[in-house]
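One structure is given below, encoded as structure tokens.
The values are calculated or read from the model by the stated rules, or taken from the named source; none is laboratory data. Values in this document were obtained by computation on a predicted structure and should not be read as measured data. Glycine also receives a Cβ, built like all others from the backbone with ideal geometry; neighbour counts cover every protein chain displayed. We work out accessible area using only protein heavy atoms, side chains counted, and drop any ligands, DNA or RNA first. Shrake-Rupley method; radii C 1.70, N 1.55, O 1.52, S 1.80 Å.
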Amino acid sequence: MTQASDGRSVVKALRANGDDRTLAEKWVGDLGADIGSARWFRSLGLLVALIIVTFAFWPDFSALQAAAPSRLTQEERDEYRSQIITPLALGADSGRRMGPSRLVVPLANAPERPVVELTATMGKDDRLSAMLRRAGVSGNDAARVEELIGGSLPLDQIATGTSFDIRLGRRATPSQPRPLERLSFRARLDLELAVAREGGPLALERRAIRVDDTPLRITGTVGSGLYRAARAAGAPAKSVQQYLKALGDALDINREVGAGDTFDMIIAYKRAETGEVEVGDVLYAGLDRRGSPRAQLLRWGKDNRFYDANGQGELREGLIKPVNGAVGSGFGMRRHPILKIRRPHNGLDFRARSGQPIFAVTDGTVIMAGRNGGFGNFVKLNHGGGLATGYAHMSRIAVNRGQRVKRGQVIGYVGSTGLSTGPHLHYEMYRNGRVINPASVDFVVRQQLSAAELRQFRSQLVELKKVKPGAALEPLVQASAQPAEPEREADRLSNAPG
């Protein structure tokens with residue numbers, strides 16, 4: 001279908017709607033059809049006329065005349081100039097700050113600030129007086145401050161990084177240092193010290209700060225990992241490391257800690273009423289399984305070591321001593337006390353009381369447990385790598401053949417079975433099946449608390465486990481306000497009956 005036929009169809013459609021399109025049919029046509037006809041020339045003329053009309057109304061792009069420039073006075077020009085950015089390149093005198101005129105008289109001396117307030121920090125291996133001198137305190141005032149503070153606490157107890165708030169007053173002449181008006185700092189968590197000059201010589205002020213020392217107890221389920229669970233429960237990283245180290249000396253964390261076990265740690269924790277917190281060492285490290293304790297370790301004594309609930313100290317690296325006792329007979333040739341003949345003594349004899357526990361010197365497997373001739377009740381452990389140990393003359397054996405034992409585990413008790421003249425432990429060591437001198441290996445002694453110490457130890461353990469988890473994080477109870485004691489005798493008698 002052509003464009004002409006399309007045009008005719010449109011006209012027919014318009015006529016069908018009742019519109020009179022005779023003029024349109026006469027002047028508007030398809031320039032692509034009936035070329036050269038009268039109707040075609042009329043349509044072309046109409047198109048040219050429309051183009052001419054369009055160009056006749058085309059807008060003019062010539063420049064418009066702006067407003068006439070106003071003439072400003074010098075005062076108005078300065079007013080504008082002070083508020084524009086251009087003067088910044090000409091001396092930065094914008095913002096109503098103009099250069100001084102001849103009427104401005106410079107001051108002979110600039111006035112000093114009446115008071116200077118600053119903060120000084122104690123450095124490593126620093127002296128208090130030297131730090132104050134660097135801050136601008138005079139030598140006399142610095143020496144006096146050091147004397148006053150030294151009389152209240154040892155100066156070496158001032159921790160590195162302690163901040164001192166200092167206020168210096170007005171000086172009489174520019175050549176003199178400013179006098180110290182006030183100095184204050186936090187000496188300890190429970191103590192704040194200040195040195196002030198209240199119309200007289202420098203004097204020391206002590207302000208005691210109330211501190212709550214309730215230990216912080218954190219418990220939780222081990223889950224996928226002991227370290228991650230403890231950190232998620234809110235335990236500091238340092239405390240978790242101490243807990244894991246203590247627990248690792250008591251049991252094998254990788255094998256003996258289950259996902260359903262409950263960890264329990266108690267941390268030394270102090271918080272001041274002003275908001276500061278001081279986190280100390282782990283005091284208690286415990287692990288429970290289905291309500292039964294798997295490990296109970298309490299930090300105790302001057303050596304600050306962990307002991308289990310039975311009063312036995314933590315183990316160190318290396319072979320531990322098989323029994324707590326001195327060596328009575330060494331390795332080598334000797335005269336047998338019973339057989340009365342000279343023959344090799346292939347071990348060490350440790351003096352010990354009957355019934356005293358005997359420990360495995362390191363992890364191993366029991367390869368013999370029972371009677372063994374002159375050794376009496378005898379236990380032999382294989383530690384791997386060709387190393388083995390033997391323990392003789394036991395009164396009672398506490399392990400079975402094939403059993404895995406851990407370093408420090410009780411494998412029996414001191415006795416006098418076999419060829420023995422009295423209670424002691426005969427200890428032997430073997431390398432690749434041959435006897436070697438056990439004295440060539442250094443032992444680590446496992447500490448054991450005495451009966452009196454054990455009673456105190458267990459009493460403290462019971463008291464510590466009474467602490468509720470999270471009790472140290474509860475808001476501090478405000479101390480009850482005490483009425484001020486009257487200073488005058490008249491005040492003391494003001495409430496007396498008339």
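Considering only residues in region 406-424 that are of a type in the set (A, V, I, L, M, F, W, C) and under 18 Å from N372 (Cβ atoms), the one that is nearest to the chain's Cα centre (by Cα) turns out to be I411. Answer yes or no: is there a residue in region 24-32 that is part of a loop (DSSP other than H, G, I, E, B), modelled with pLDDT of 75 or more and of a type in the set (A, V, I, L, M). Yes - at least one qualifying residue is present in region 24-32. When the residues of region 181-201 are filtered to those that are open to solvent by less than 30 Å² (accessible area, probe 1.4 Å) and modelled with pLDDT of 90 or more, the one that is nearest to A233 (Cα to Cα) is F185. Check every one of the strands (runs of 3 or more DSSP E) wholly within region 248-300 and list those with 1 or more residues that are at pLDDT 90 or above and closer than 23 Å to D212 by Cβ. By residue number, 262-272, 277-289.
So, in region 90-108, how many residues would count as being open to solvent by 90 Å² or more (accessible area, probe 1.4 Å) and either modelled with pLDDT under 75 or not aliphatic (A, V, I, L, M) (or both)? Talk me through it step by step, then tell me what you get.
Our first condition is that a residue be open to solvent by 90 Å² or more (accessible area, probe 1.4 Å); within region 90-108, this holds for 90, 96-98, 100, 102-103, 105-108.
Keeping just the survivors that are either modelled with pLDDT under 75 or not aliphatic (A, V, I, L, M) (or both) gives 90, 96-98, 100, 102, 106.
Counting residues in region 90-108 that are open to solvent by 90 Å² or more (accessible area, probe 1.4 Å) and either modelled with pLDDT under 75 or not aliphatic (A, V, I, L, M) (or both) gives 7.
Listed by position, the strands (runs of 3 or more DSSP E) contained in region 338-424 that have at least 3 residues being open to solvent by less than 10 Å² (accessible area, probe 1.4 Å) and either touching a strand residue (DSSP E or B) at 6+ places or on another chain (Cβ under 8 Å) or on the phi > 0 side of the Ramachandran plot (or both) are 377-384, 387-397, 410-414. Of all the residues in region 209-237, those that are of a type in the set (S, T, Y) and assigned to a loop (DSSP other than H, G, I, E, B) number 2.
So for region 330-337 (the condition being under 21 Å from A472 (Cβ atoms) and at pLDDT 75 or above), does at least one residue qualify? So far as region 330-337 goes, no, none of its residues is under 21 Å from A472 (Cβ atoms) and at pLDDT 75 or above.
The rows are residues; the columns are (1) within 28 Å of A472 (Cα to Cα); (2) under 27 Å from the mean Cα position of the chain (by Cα); (3) among the hydrophobic types (A, V, I, L, M, F, W, C); (4) not in a loop (DSSP other than H, G, I, E, B).
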position: R170; (1), (2), (3), (4): no, no, no, no
position: P174; (1), (2), (3), (4): no, no, no, no
position: E181; (1), (2), (3), (4): no, no, no, yes
position: F185; (1), (2), (3), (4): yes, yes, yes, yes
position: E192; (1), (2), (3), (4): yes, yes, no, yes
position: R207; (1), (2), (3), (4): yes, no, no, yes
position: V240; (1), (2), (3), (4): yes, yes, yes, yes
position: Y243; (1), (2), (3), (4): yes, yes, no, yes
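Residue count for region 134-168 satisfying the condition of being exposed (fewer than 12 other Cβ atoms within 10 Å of the Cβ) and part of a loop (DSSP other than H, G, I, E, B): 5.
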